[in-house]
Each structure stands twice: as structure tokens, then as C-alpha cells.
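So the structure is just underneath, and the comments pick up after that.
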């Protein structure tokens, strides 16, 4: 099994800049790869993105300084000249990741909400 996986510059910058630069489905795939989590749920995206940011900034220091808060997405083509279009991204060390069961995390975020959990089986 490979220790890295290739992702676009936009996938990485989405987390280091806090600006969505890639399709949302790619955000899930990226976070699942970097954290090693499977089945990342929507309510986990913000926490996991904040969690991976220091790791990405350390791994790719040349990208950490990029600030695109007020720059059009067309900047991506110009960034590609200096930084490339893709990077091989390793998984972050397990010690840097906090696993929280998705349902438990949802209950922590909304403690006063009653949840009805459905479990889909192969028969249903």
C-alpha cells in the first residue's frame, strides 16, 4: 500500500486557506485519506479540516504562505507555474489525529437534539 496519494493543489489549499477551491466530494476524499478515517460525515468536515491544516503547512511549507482570501480562483493557473498542479500527500501521523465516532460527535455538537439513527442493512 502506498504511503502517499496524489491530490490537486486546490485540494490542499482548500484546507490551508480555509477557502473551498475544489468540489465538495473531493474534500471528503482528501480528509479520509489524510486522517485515515472512513465514512467522514458532513458535520466532521470543519473539525477535520482544522486538524489537518498544521500537518499540511508543515508538509508543504511553500503552500503555507499562500493567501488567496480575496483573489479569484483563476489564480490557481498562476499558482501552478510556481507550485505545480498536484502533490503527493502522505497520511498524517495517527498521534496528530483525534478519532471521534461520527454519531457521538453529532451528539456533542447538538446535545439537546433527539436523534433517530437508522442503520441500513443489506436486507433493507
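A few remarks follow.
- Near pairs, Cβ below 6 angstrom, 6+ apart or cross-chain, from segment 55-78 (within 25 Å of residue 95 (Cα to Cα)) to any residue that is modelled with pLDDT of 80 or more and in a loop (DSSP other than H, G, I, E, B): 55/92
- Residues that are surrounded by fewer than 19 Cβ atoms within 10 Å (Cβ to Cβ), closer than 17 Å to residue 62 by Cβ and touching a helix residue (DSSP H, G or I) at 6+ places or on another chain (Cβ under 7 Å), drawn from segment 1-47: none
- Any hit, segment 91-109, residues being surrounded by 14 or more Cβ atoms within 10 Å (Cβ to Cβ), modelled with pLDDT of 85 or more and more than 18 Å from the chain's Cα centre (by Cα): no
- Within segment 65-90, the set of residues being surrounded by 10 or more Cβ atoms within 10 Å (Cβ to Cβ) and either modelled with pLDDT under 70 or closer than 18 Å to residue 34 by Cα (or both) comprises 71, 73, 86, 87, 88, 89, 90.
- Across segment 114-123, the number of residues qualifying as modelled with pLDDT of 70 or more and in contact with a helix residue (DSSP H, G or I) (Cβ under 9 Å, 6 or more places away or on another chain) comes to 1.
The values are calculated or read from the model by the stated rules, or taken from the named source; none is laboratory data. Treat the numbers as computed from the prediction; the structure is a model and nothing was measured. Quick reminder, even Gly has a Cβ in these numbers, built from the backbone with ideal geometry, and neighbours come from all protein chains shown.
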